[in-house]
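Okay, structure first, notes after.
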Amino acid sequence: MSKELKSATKCIHSGYKAENGDPRVFPLVQSTTYKYDTADELGDLFDLKTEGHIYSRISNPTVAVLEERIADLEGGIAAVATSSGQSANLLAILTLCKQGDNILALSNLYGGTVSLFTHTISRYGISVKFVDINADEKEIESEIDENTKLIFGETIGNPGVDVLDIEKFADLAHRNDIPLVIDNTFATPILCRPIEFGADIVTHSTTKYIDGHARTLGGVVVDSGKFDWKNGKFDELVLPDESYHGVSFVESFGEAAYSAKARCTFVRDIGFIMAPFNAFLTTQGIETLSIRIERHSENALKIAKYLEANDIIEWVKYPGLKSSPSYELSQKYLKGGSSGIIAFGVKGGVDAAKKFIDSLEIISLVTHVADTKSCVIHPASTTHRQLSKKQLEKGGITENLIRLSVGIEDVEDLIDDIENALSQI
């Protein structure tokens, strides 16, 4: 790698540190543009020869701080922050796939992700094959062909809260020379760092636990820097890029090739980078992430045990329960807690589920999850409403399924609210 391109890589993937060297102090650079002294200086920036920010559609000092910190938390080499979790997943796919390619996705994904994969990217010639999370390994591998470019899954499924066997799917992906992409939104790097178990790319909706306060939208794509892109399947990262006068991202950026390609091509052209003010707020959220996740997990486990012992409840899914099919996997992959999301069904079907939700007073009915404040939703009629009946069945989303996002309020107050709502059924 040339000295100039090393410098450009540092610019793209480094965060801001104050003059006193304290990384905790950083400015809000709410600016679209940056001033330069000479035309040649700006020209060198466009050619990736020198450090600096060209335009906030591509990079920004405040956003760079957030990217650096999340990359550090996940154990990755670099990160690219986006305007939402949906755009993060789209960026992860577009960086690796072109027309005619396909991806292998687990069937228990968030409904918005399923819609993105099923309806939106298919319009651009990228298809998806869904496989059951518990399917036989040979059955899953039979779905991989020469045009399959990645496997996509969630550490903790939404809303079914199944825990993914990351090492199993990492081994499967690597045997077929493709990367494993993991959405780690519900676990966060506090509970699980998928890269340590073989994942190659990690995404987040930072809108959820990382921000934690329902104040700002955002997403992020983290590059592990460990995948070998020169295996003959990813020419877009290896061959010369005409839009940068023949730069090969693998040759020029080395282990940071994926994140450099994502930013310099797709973020540049599509423009879904996170706004500076959103990055500023999200970085503040990171400062309390560890203690919040601990409280979310403690509260959720207590409530899950309460629900499990209640006669009105038909079933409960929570990775921290010993009765959960995901319990052993949670002990392996989730350290220090099982996050704050519970899925459960009430007796009486969809009408009883809606009656329960309508009767809650402290816990709010909102289109959100993973907030400091507890919230609830009926996925089949809301977040997963666009899915077909067959897709709902494959994702384990029954008509009486309720997704409860447990906040950090006093747990006894939350249990009292749940008990009162159940008594109204």
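The values are calculated or read from the model by the stated rules, or taken from the named source; none is laboratory data. Worth saying up front: this structure is predicted, and the values here are computed from it rather than measured. For neighbour counting, all protein chains shown are included, and Cβ atoms are generated from backbone atoms with ideal geometry for every residue, glycine included. Side chains are part of the model used for accessible areas, which takes the heavy atoms of the whole protein and leaves out ligands, DNA and RNA. Shrake-Rupley method; radii C 1.70, N 1.55, O 1.52, S 1.80 Å.
Computed over the alpha-carbon atoms, the chain gives an Rg to Rh ratio of 0.99, Rh here being the Kirkwood radius from the mean inverse distance.
Could you tell me how many degrees, from 0 to 90 and to the nearest 10, lie between the Cα long axis of helix 3-13 and the main elongation axis, the longest principal axis, of the Cα atoms of the chain? It is inclined by approximately 20 degrees. Can you give the FRET efficiency to the nearest 0.05 for A135 and K230, using r as the Cβ-Cβ distance and R₀ = 30 Å? The pair A135/K230 has a calculated efficiency of 0.45. Helix content alone sets the calculated 222 nm mean residue ellipticity of the chain: runs of n ≥ 4 DSSP H residues at -39500 (n - 2.57) each, divided across all residues, give -10000 deg cm²/dmol.
For the stretch 76-142, relative contact order (Cα pairs under 8 Å, six or more residues apart, normalised by length) works out to 34 percent. Can you pull the percent of the stretch 176-322's accessible area that's carbon plus sulfur, 1.4 Å probe, other chains left in place? Looking at the stretch 176-322 in its full context, I get 51 percent from C and S. For the stretch 272-425, dividing the convex hull volume of the Cα atoms by the residue count gives 137 Å³ per residue. Taking each of K305/K355; K168/K373; K233/K332; K35/K226; K168/K335; K305/K354 in turn, the alpha-carbon distance tops 27 angstrom for K168/K373; K233/K332; K35/K226.
Averaged over its residues, the chain has an accessible area of 42 Å² per residue, based on protein heavy atoms and a 1.4 Å probe.
Past the 22 angstrom mark, what percentage of all C-alpha to C-alpha distances in the stretch 208-342 do you count? Across the stretch 208-342, Cα pairs with separations above 22 Å total 60 percent. Most tightly packed first, judged by the mean number of other beta-carbon atoms within 10 Å of their residues, the peptides 171-180, 197-206 read 197-206, 171-180. Mind pulling the angle between the C-alpha long axis of helix 349-359 and the longest principal axis of the chain? Nearest 10 degrees, somewhere in 0 to 90. Around 80 degrees separate the two axes. Classification of the stretch 179-285 by its C-alpha gyration tensor yields an oblate form. The axis ratio a/c (a ≥ b ≥ c) is 1.5 or more, and b/c is at least a/b. Taking Cα atoms only, the orientation of helix 166-175 departs from the longest principal axis of the chain by about 40 degrees. Sequence-distant contacts, meaning Cα pairs under 8 Å at least 6 residues apart, place the relative contact order of the chain at 17 percent.
Residues whose amide H falls under 5 Å from that of T185, counting only those 5 or more places apart or on a different chain, are T155, S205, with hydrogens built in the peptide plane. Cα centroids of the stretch 58-100 and the stretch 146-205: 15 Å apart.
Each Lys and Arg adds +1 at its Cβ and each Asp and Glu adds -1 at its Cβ; summed about the Cα centre, the chain shows a dipole of about 440 debye. The listed residues E167, E242, E298 rank as E242, E298, E167 when sorted by accessible area, largest first, using a 1.4 Å probe.
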